[in-house]
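Shown next, in structure tokens, is the structure this report addresses.
Since every read-out is calculated from the coordinates, none of them should be taken as a lab result. Note that the structure is a prediction, hence the values are computed from the model and not measured. Positions of Cβ are generated from backbone atoms using ideal geometry, with glycine treated the same way; all protein chains shown enter the neighbour counts.
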């Protein structure tokens, strides 16, 4: 018995003595944080999705399909998400492209980030008042405007980083070899900026679908996105269905992440943020 | 030394995580504590301070925005809350779940100050209340605090009062056909209030079948079935054309700023808005309406029951009741006689420029509680169908123009994605060619 205790004691001592401040040790608090606030909630979410009235069931899934509203909202949200993302890309790409050429680009990028320092609720509410002052009726159009306005920095930033990291000599070489500037752009710059585009798309698309405050301010009567729907479900204590819907969101995130990784494989400039 | 500092940093970071969890290490206080959980902006904060100093009890005060949020946070059985102030139907749900403590009225000296018409009406409406298979009186579980009705606020400069009153709930559907009113109507984004307005509107416009029409109002308003739900849904889809938006909490301001001319509102909010803009008026349609009340109730697992009773008693003091009513603008459940008997309470009314007779004579503030047309809305034990109906109402609303815009832009979007994929493939092919 005695030897056993001393054994444990000496083991403990060696453990403590062997304790080294390696870099990974600094990650422990973060791991703790992540497991408490990211992993644990996800587990609870997963459990909730299969529980109704304290019993294991699949009824939450069938309820979701049966009530008709949620799936309709989901498809509508995806549509709004696609529109918002493509508009962000259409506006954001040229901006990022031009900015990467200019020497004063960094300063102007700052101007794009500047509104992000103002709380988005205040910005959205002000947008609403501006629309009202201009006499524009709130609806899908104003909602998409609000979404694009709110999420465009998330498109421009990764694009700007990637574009300004592309070695200029590539496009110079292309034009030296007689390529037209459009051909240069299509064959050199655009493919090389693909990681930025993909990262931008993911960073705009998923948050758009799950938005819920912007729709309430700018949506008028016709806009109700998936995020609003989840919010309503949890507000009315329909935790089961709400969890299933959150899982759908999560699945969307995972799918887009998978595609991003797949297309991104072997590309440089992965650390965009 | 380096190692020591590093360990210190790690410990500090971990402590940061734990504090975020609200680990209460030093919760050993000498003073009695009372955890009160109330609606936001629903009390005179000075009254709480006065209670604290008078009884030497430390009040820990927190607030909620909707009954649903309150109910969610009470799901945590261990939550440290003593007193709550929910609405009628939420009280009902909590009583049925056996979460509320019966009140020991022998320890309250001011209970006689409460308007007994309220408790009578409540007990009559919740006559079938049972807890653990034993019949219970609802009024044994709570102290009435504030009350009011749900009705319609409108702008008299746009809508003639007689026309409005004649239209009843139809005003929210613009049945009088006032062109200035189109797209200037606010609807509450609240499932229960909306359902109520929808059912009353259907009854008023004679769209209900006899089965529903012959039901007494108090039953009809608490009745949910698929036919009625789909009829209400149709009514709301029809309403889409005329309303400006589903408001959450900007209704009052929009009405005062004349951005909207009519809307569904609680009487307290209506009185508040009417003070800011003279041309606003409020009515409960003649077909009938909802009367509601909020009350103080004590949780079964409360650790501070004595303090909670003291707080309830304090809230029923005429002067405190009037101070709260002045601070928040809703109607106190204190009886007229009790207020008139208290000089300090009358002083408070006077300080706020109210004539006592006018104050109590105002039928918006003090509706006839015993009126059978004013009904109480009970708890729908299963909200999911209602919520789904309301979401379907909010999801439809794509008019052709919007649809075209959406289709065009999605085509553009898809085009971009195809282009992207095409370019990636092309690049890979060329790479393979090089490798070969």
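From Cα coordinates alone, what are the radius of gyration and Dmax values for the protein assembly as shown in angstrom?
30.8, 101
Distances longer than 27 Å among the Cα atoms of chain B: what percent of all pairs is that?
When all Cα pairs of chain B are counted, 61 percent exceed 27 Å.
For region A:17-126, what is the largest minus smallest coordinate of the Cα atoms on each principal axis, given in angstrom and ordered from greatest to least?
Over region A:17-126, Cα extents along the principal axes are 62, 62, 26 Å.
Could you give me the percent of Cα pairs per 10 Å distance bin for region B:60-126, shortest bin first, beginning at zero and ending with the bin that holds the maximum distance?
15, 45, 34, 5
Sort region A:97-190 into rounded, prolate or oblate with this rule: let a ≥ b ≥ c be the square roots of the eigenvalues of the Cα gyration tensor; rounded if a/c is under 1.5, and if a/c is not under 1.5, prolate when a/b is larger than b/c, oblate otherwise.
It comes out prolate by the Cα gyration axes.
Among bridges DSSP assigns within the protein assembly as shown, what percent are antiparallel (round to 5)?
DSSP beta bridges in the protein assembly as shown are roughly 60 percent antiparallel.
Pairs of alpha-carbon atoms within less than 8 angstrom and 6+ residues apart define the contacts here; what relative contact order does region A:64-264 have, in percent?
Relative contact order of region A:64-264: 30 percent.
If you consider only alpha-carbon coordinates, what radius of gyration and Dmax does region B:235-343 have, in Å?
When restricted to the Cα atoms of region B:235-343, Rg and Dmax are 18.6, 55 Å.
Can you give the % of DSSP beta bridges in chain B that are antiparallel, to the nearest 5? Write down the numbers at each step before the final one.
Details: 27 of 45 bridges.
For chain B, the DSSP antiparallel bridge percentage is about 60.
List the residues of region A:57-83 whose backbone N lies under 15 Å from a point placed 7 Å from the Cα of residue A:251 along the Cα-to-Cβ direction.
A:58-66, A:70-75, A:78
Could you state, as a whole-number percent, how many of the C-alpha pairs of chain A are farther apart than 30 Å?
Values: 18253 of 37128 pairs.
Of the Cα pairs, 49 percent sit more than 30 Å apart.
At a threshold of 8 angstrom on Cα-Cα distance, excluding pairs fewer than six apart, so keeping six or more, what relative contact order does region A:120-204 reach in percent?
Over region A:120-204, the number comes to 37 percent.
Based on DSSP H runs of at least 4 residues, each adding -39500 (n - 2.57), what is the mean residue ellipticity at 222 nm of chain B after dividing by all its residues, to the nearest 500 deg cm²/dmol?
That calculation yields -14500 deg cm²/dmol at 222 nm.
For a quick check, take a GNM of chain B with Cα springs below 10 Å and name the residue from B:388, B:235, B:297 with the largest mean-square fluctuation.
Top of the fluctuation ranking is B:388.
Let me know the volume per residue of the alpha-carbon convex hull for region B:143-268, in Å³.
So the per-residue hull volume is 122 Å³.
Pull out the extension gain between residue B:358 and residue B:134, defined as 0.36 nm times the separation in residues minus the alpha carbon to alpha carbon distance; nm, one decimal.
76.3 nm is the gain from fully extending residue B:358 to residue B:134.
For each of B:154, A:258, count neighbouring Cβ atoms within 10 Å of the residue's Cβ, then give the residues from fewest to most.
A:258, B:154
What's the exposure ranking of A:145, B:4, going from fewest to most Cβ atoms within 10 Å? Write out the running numbers ahead of the final one.
Values: A:145 16, B:4 9.
The order, fewest Cβ neighbours first, is B:4, A:145.
Bin width 5 Å, alpha-carbon pairs only: give the P(r) of region B:142-194 as whole percents, running from 0 to the bin holding the largest distance.
For region B:142-194, the binned pair fractions read 4, 17, 27, 20, 13, 9, 5, 4, 2, 0 percent.
Quick check of the Kirkwood formula: for region B:24-156, what is the inverse mean of 1/r over all pairs of different Cα atoms, in Å?
Evaluated on region B:24-156, it is 17.1 Å.
Relative contact order, percent, of chain B when contacts are C-alpha pairs under 8 Å separated by at least 6 residues?
Relative contact order here is 24 percent.
Tell me, A:4, A:93 in order of fewest to most beta-carbon neighbours within 10 Å?
Going from least to most buried by this count: A:4, A:93.
For q values of 0.10, 0.22 Å⁻¹, compute log₁₀ I(q)/I(0) with the Debye formula on a Cα-only model of region A:153-262, without solvent.
-0.48, -1.13
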